[in-house]
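S.K.: The following block contains the structure, expressed as structure tokens.
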Amino acid sequence: MDTSPQDATARAQELQRGWYGEPLGDLFRRLIGDLGLNQSRLAGVLGLSAPMLSQLMSGQRAKIGNPAVAQRVQALQELAAHVAEGVTTHAQAAARMEEIRHSEGSSLLNTTQSTSSGERLPPARRVVREIQSLLRSVASAEEITEAAATLAPGHPQLAEFLRVYGAGRTDDAVTHFEAHQD
């Protein structure tokens with residue numbers, strides 16, 4: 001059975017929703033608006049070609065294949081949140097985007113950032129997003145949920161971890177993370 005291009009796009013966007021929490025077109029348009037970028041600049045910061053970014057945004061491609069790029073997306077989401085909260089200025093955001101662009105995407109658990117006053121930000125949201133990015137780079141939310149169900153009888157805490165971080169909302173995962181800190 002042949003599928004139309006519209007069906008393929010809808011399927012890719014549904015996969016993106018499972019892997020990234022929303023279609024990448026929505027996510028990337030929000031980052032463009034929040035950080036004052038254009039598509040070409042966003043592609044450069046992420047380490048993608050402009051055509052690849054366009055394919056991801058339009059649903060012609062479903063998945064970000066490079067885990068470093070997926071981690072850069074997470075870092076930009078965190079940066080956009082800091083700009084929206086007023087914690088980071090647009091000038092600081094521009095400098096941070098250059099750091100993100102040059103990163104290898106391996107900053108996992110390098111979780112503190114300084115504000116302009118030198119105050120350290122809580123690491124929970126950044127850690128959670130990096131965990132989510134890693135889990136979602138290897139499996140869809142549906143696959144993670146299935147794995148959690150399989151593990152639940154013998155390993156309920158591990159199953160809960162997979163459900164919360166691999167298939168759940170970021171805010172719920174941050175709450176879980178904070179509740180399990182010593």
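The values are calculated or read from the model by the stated rules, or taken from the named source; none is laboratory data. Values in this document were obtained by computation on a predicted structure and should not be read as measured data. So basically every Cβ, Gly included, is an ideal-geometry build from the backbone, and we count neighbours across all protein chains shown. Please note that ligands, DNA and RNA were not included when accessible areas were found on the heavy atoms of the full protein model with its side chains. Shrake-Rupley method; radii C 1.70, N 1.55, O 1.52, S 1.80 Å.
S.K.: Need the C-alpha centroid separation for region 127-155 versus region 9-44, integer Å.
M.R.: So the separation of the two Cα centres works out to 22 Å.
S.K.: Could you tell me the convex hull volume per residue, in Å³, taken over the Cα atoms of the chain?
M.R.: Working: hull volume 22.0 nm³, N = 182.
Value for the chain: 121 Å³ per residue.
S.K.: Let me ask another. Please report the net charge: other residues with Cβ closer than 12 Å to the Cβ of I64, K and R +1, D and E -1.
M.R.: It works out to a net charge of +4.
S.K.: Evaluate region 1-50: find the radius of gyration of its Cα atoms, find its Kirkwood radius, and give the ratio Rg to Rh.
M.R.: Answer for region 1-50: 1.08.
S.K.: Plugging the Kirkwood radius over Cα pairs into Stokes-Einstein for region 46-90, at a temperature of 25 °C and a viscosity of 0.890 mPa s, what D comes out in µm²/s?
M.R.: My calculation gives 210 µm²/s for D.
S.K.: Could you tell me what percent of the accessible area of region 1-99 is made up of carbon and sulfur, with a 1.4 Å probe and every protein chain present?
M.R.: Ligands and nucleic acids excluded, carbon and sulfur reach 51 percent.
S.K.: Would you kindly state how much longer the chain becomes between T150 and L134 on full extension, computed as 0.36 nm times their sequence separation minus their alpha carbon distance, in nm to one decimal?
M.R.: On the way: separation 16, 0.36 × 16 = 5.76 nm, distance 2.02 nm.
In short, 3.7 nm is gained.
S.K.: In addition: How large is the accessible surface of E142 in square angstrom, using a 1.4 angstrom probe and rounding to the nearest 10?
M.R.: 130 Å²
S.K.: Per Stokes-Einstein, at 20 °C and 1.002 mPa s, what whole-number D in µm² s⁻¹ belongs to region 1-99, with the Kirkwood radius over Cα pairs as the hydrodynamic radius?
M.R.: D, rounded to a whole number, is 153 µm²/s.
S.K.: Subtracting the Cα-Cα distance from 0.36 nm times the residue separation, let me have the gained length for A95 to A81 in nm, one decimal.
M.R.: Details: separation 14, 0.36 × 14 = 5.04 nm, distance 1.56 nm.
Once the chain is fully extended between A95 and A81, it gains 3.5 nm.
S.K.: While we're here: Using a 10 Å cut-off on Cβ atoms, rank the peptides 148-156, 68-76 from the highest mean neighbour count down.
M.R.: By packing density, highest mean first, the sequence is 68-76, 148-156.
S.K.: Would you pull out the residues with amide H under 5 Å of T88's amide H, same chain only if 5 or more places away, H placed 1.01 Å from N?
M.R.: The answer is V83.
S.K.: Can you show me the helix-derived [θ] at 222 nm for the chain, built from DSSP H runs with n ≥ 4 at -39,500 (n - 2.57) apiece and divided by the number of residues, rounded to the nearest 500.
M.R.: That comes out to -20000 deg cm²/dmol.
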